[in-house]
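For reference, the structure is listed below as structure tokens.
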Amino acid sequence: LTAAAPDLRAQLRAIVGEAGLLAEGAAAVPYLTDHRRLYQGRALAVVLPASVTEVAAVLRLCAAARIAVVPHGGNTSYCGGATPDASGQQLVLALARLNRLRSIDAVNDCLIAEAGCTLAQIQAAAQSAGRFFPLSLGSQGSCQIGGNLATNAGGTSVLRYGMMRDLVLGLEVVLADGRVLEGLSGLRKDNTGYDVKSLFIGAEGTLGVITAASLKLFPEVRARATALVAVADVPAAVALLAHLKTASSERVSSFELMPRLALELTLRHIDGARDPFGHPHPWYVLCELTSARAADALDVILEEALGGALEHGQIEDALISTSERERQAFWRLRENIPAAQSRAGASLKHDISLPVSRLAEFLARAAPWIETAVPEGRLIAYGHVGDGNLHFNVSARSAGEDAALLGRAESVRRWVHDLVCEFGGSFSAEHGIGQLKVAELERYATPVELAVMRSIKAALDPHGIMNPGKVLRFGAAENP
Ligand SMILES: Cc1cc2nc3c(=O)[nH]c(=O)nc-3n(C[C@H](O)[C@H](O)[C@H](O)COP(=O)(O)OP(=O)(O)OC[C@H]3O[C@@H](n4cnc5c(N)ncnc54)[C@H](O)[C@@H]3O)c2cc1C
């Protein structure tokens with residue numbers, strides 16, 4: 001933290017109280033660095049408002065004094081989105097104390113929650129009302145619903161339920177000048193002009209602070225069948241996805257792909273992980289069917305579909321979980337890949353998406369290139385393949401090769417993202433832009449797209465105080 005002017009500190013304290021202001025000391029440290037430890041920032045102070053009125057008052061103060069504001073949720077961004085810059089002139093506004101569940105309407109299938117609720121809290125609240133909130137991420141214990149909205153988070157249920165944007169009915173947002181946009185609608189049909197809420201979803205805090213959201217709920221999941229399937233290659237995995245969708249009448253809710261190398265890393269670095277198959281296979285698919293009808297015999301449907309695929313040589317082997325414990329053990333193999341990768345050493349990460357129909361062709365081009373151009377790295381491409389989303393990561397072969405691998409980050413990123421672009425894909429499928437990918441957005445967005453984004457930014461945040469340096473260079477920063 002830098003020394004905030006004493007009068008600013010006093011004004012902030014007058015708004016949020018003693019408990020809501022971290023102006024110095026160790027308590028502020030976690031707010032100044034990102035989850036991946038790529039960025040270390042400084043800040044004038046960290047404020048933790050406890051109501052929308054307090055958020056509005058802080059923004060009014062900051063707008064008048066032209067102080068930059070960095071919204072901060074659960075700090076699980078992979079792109080440094082919630083970390084202030086090194087100037088020490090920005091204010092971190094953390095939403096953790098704005099964490100009340102305002103209402104649940106099980107008949108209208110709608111829940112209204114404040115932005116600082118963790119995703120896990122929202123899931124539990126829905127469940128306690130006999131409903132289901134489907135967003136599911138490895139970080140759900142700490143990421144917040146405001147952060148999920150600001151990043152338009154994806155995760156493991158997108159195939160069936162869509163991204164965060166698809167799960168929202170309305171938002172309450174404090175604008176850069178402190179005005180409150182009250183839009184906590186419970187309506188599914190409302191064609192009254194522009195869809196204003198959509199602007200703030202995926203904007204990563206650059207247009208305003210989301211303070212509450214009205215979220216869609218779904219029937220509780222009452223039947224579930226989960227399988228770990230061994231396949232020879234990526235085309236077989238893609239074919240299996242189509243087969244399962246048809247065989248289950250679209251009840252596939254998750255379809256995750258993992259290469260053998262990812263499983264090996266998990267087995268080596270995560271306590272208690274074990275290989276469920278007797279011998280190695282080149283690729284694995286973790287797939288899950290779900291239904292709201294308890295009587296749906298999904299395990300029978302899955303068994304028949306996989307049995308047919310095995311008979312026709314489309315898959316190599318399959319295990320259907322027979323208990324909740326076994327299901328969770330399958331999921332842990334998938335969810336622990338990021339942790340295993342970071343314990344194993346350095347890696348170059350690319351969060352890409354492609355049309356599902358072009359995934360195999362893309363990997364057939366990219367894998368040999370990594371093999372020859374990055375001798376100190378090994379490709380570990382895994383992820384939400386049901387949505388065409390791959391975490392295309394390159395891990396160091398050994399700890400001694402971390403530095404050499406990291407030295408290639410820029411050239412590998414350029415080659416991978418250019419190829420993604422050639423295949424009609426996206427260089428940021430679900431993690432957003434943050435401060436990590438600002439240059440990538442400038443490279444791959446069209447000039448018209450960038451101009452439209454800057455017009456929206458200028459209309460909602462003319463002084464550029466909302467999370468500057470993230471997503472888009474704006475104002476004086478456009479031509480440094
Ligand atoms: C183990 C792990 C697994 C993950 N898995 C996935 C995954 O499967 N899919 C996926 O999409 N992501 C995933 N992520 C990334 C991350 O969890 C998501 O991006 C998440 O939505 C970020 O939420 P957060 O509350 O931590 O936001 P933060 O990291 O605090 O902030 C993210 C961005 O949102 C802004 N922001 C935060 N709160 C608000 C608000 N109330 N109003 C306006 N702006 C705000 C911040 O300024 C920042 O730009 C994973 C991360 C980890 C660590």
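Values quoted throughout were computed directly from the atomic coordinates according to the rules given, and no laboratory measurement underlies them. Just so we're clear, the structure is a prediction, and the values are computed from it rather than from any experiment. Cβ atoms come from the backbone with ideal geometry, glycine included; neighbour counts cover every protein chain shown.
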Crossing angle, helix 6-16 versus the chain [Cα axis fit, 0-90 degrees, rounded to tens]: 60 degrees
Part-to-part distance (alpha-carbon centres) for the range 299-321 and the range 175-210, which is given in Å: 45 Å
task: Only Lys, Arg, Asp and Glu count, each charged at its Cβ (+1, +1, -1, -1), so figure out the dipole size of the chain about its Cα centre, rounded to 20 debye.
output: 880 debye
query: Dividing the Cα radius of gyration by the Kirkwood radius, what Rg/Rh value follows for the range 1-88?
result: 0.95
- prompt: the range 76-166: which chymotrypsin sites (Phe, Trp or Tyr not before Pro) are DSSP loop and have at most 16 other beta-carbon atoms within 10 angstrom?
  reply: none
message: Could you tell me which residue out of Ser128, Ser357, Leu244 lies farthest along the dipole of the chain toward its positive end? Charges go on the beta carbon: Lys and Arg +1, Asp and Glu -1, centred on the Cα centre.
response: Ser128
- line: Fraction of alpha-carbon pairs in the range 200-334 farther than 22 Å apart, rounded to whole percent, equals 45 percent
message: Output the 0 to 90 degree angle, nearest 10, between the alpha-carbon long axis of helix 298-311 and the longest principal axis computed from the alpha carbons of the chain.
response: 50 degrees
query: How would you order 112-118, 411-417, 349-355 from highest to lowest mean count of nearby Cβ atoms within 10 Å?
result: 112-118, 349-355, 411-417
query: Taking Cα atoms, how many degrees apart are the long axis of helix 52-65 and the longest axis of the chain, rounded to 10 and kept between 0 and 90?
result: 60 degrees
Amide H within-cut-off set for Arg102, under 5 Å, with H built and near neighbours excluded: Ile112, Ala113, Glu114
message: Out of all DSSP beta bridges in the range 1-141, what portion is antiparallel? Express it as a percent rounded to 5.
response: 45 percent
field: Straight-distance crosslink candidates among lysines, where the alpha carbon sits under 20 Å from Lys349 and sequence neighbours closer than 8 are dropped
entry: Lys437, Lys470
- request: Please turn the phi angles of the range 318-334 into ³J(HN,Hα) values with the Karplus equation 6.51 cos²θ - 1.76 cosθ + 1.60 (θ = phi - 60°), one per residue in order, whole Hz, x for glycine and proline.
  value: 7, 10, 9, 5, 10, 8, 4, 4, 5, 4, 5, 5, 4, 5, 4, 4, 7
Coarse-grained scattering of the chain at q = 0.06, 0.10, 0.12 Å⁻¹, given as base-10 log I(q)/I(0) from a Debye sum over alpha-carbon atoms: -0.28, -0.79, -1.12
query: In whole Å, how far is the Cα centre of the range 240-285 from that of the range 30-76?
result: 39 Å
task: Take the alpha-carbon centre of the range 418-480, take the same for the range 350-387, and report the distance between them in whole Å.
output: 24 Å
query: Gain in length, Ala27 to Arg332, computed as 0.36 nm per residue apart minus the alpha-carbon separation, to one decimal in nm?
result: 106.6 nm
- request: Report the calculated FRET efficiency for Ala476 and Arg358 (r = Cβ-Cβ distance, R0 = 25 Å), to the nearest 0.05.
  value: 0.05
Cα-Cα pairs of the range 395-448 separated by more than 16 Å (percent): 52 percent
- line: For the range 253-267, Karplus-derived ³J(HN,Hα) couplings (6.51, -1.76, 1.60; θ = phi - 60°; whole Hz; x for glycine and proline) come out as 9, 9, 8, 10, 9, 9, x, 3, 4, 5, 5, 4, 4, 5, 4
- prompt: What do you get for Rg/Rh of the range 247-292 when both radii come from the Cα atoms and Rh is the Kirkwood radius?
  reply: 1.08
field: Relative packing of 434-443, 96-105, which averages over residues the other C-beta atoms within 10 Å, highest first
entry: 434-443, 96-105
task: Calculate, in nm to one decimal, what Leu319 and Leu450 gain on full extension: separation in residues at 0.36 nm each, minus their alpha carbon distance.
output: 42.4 nm
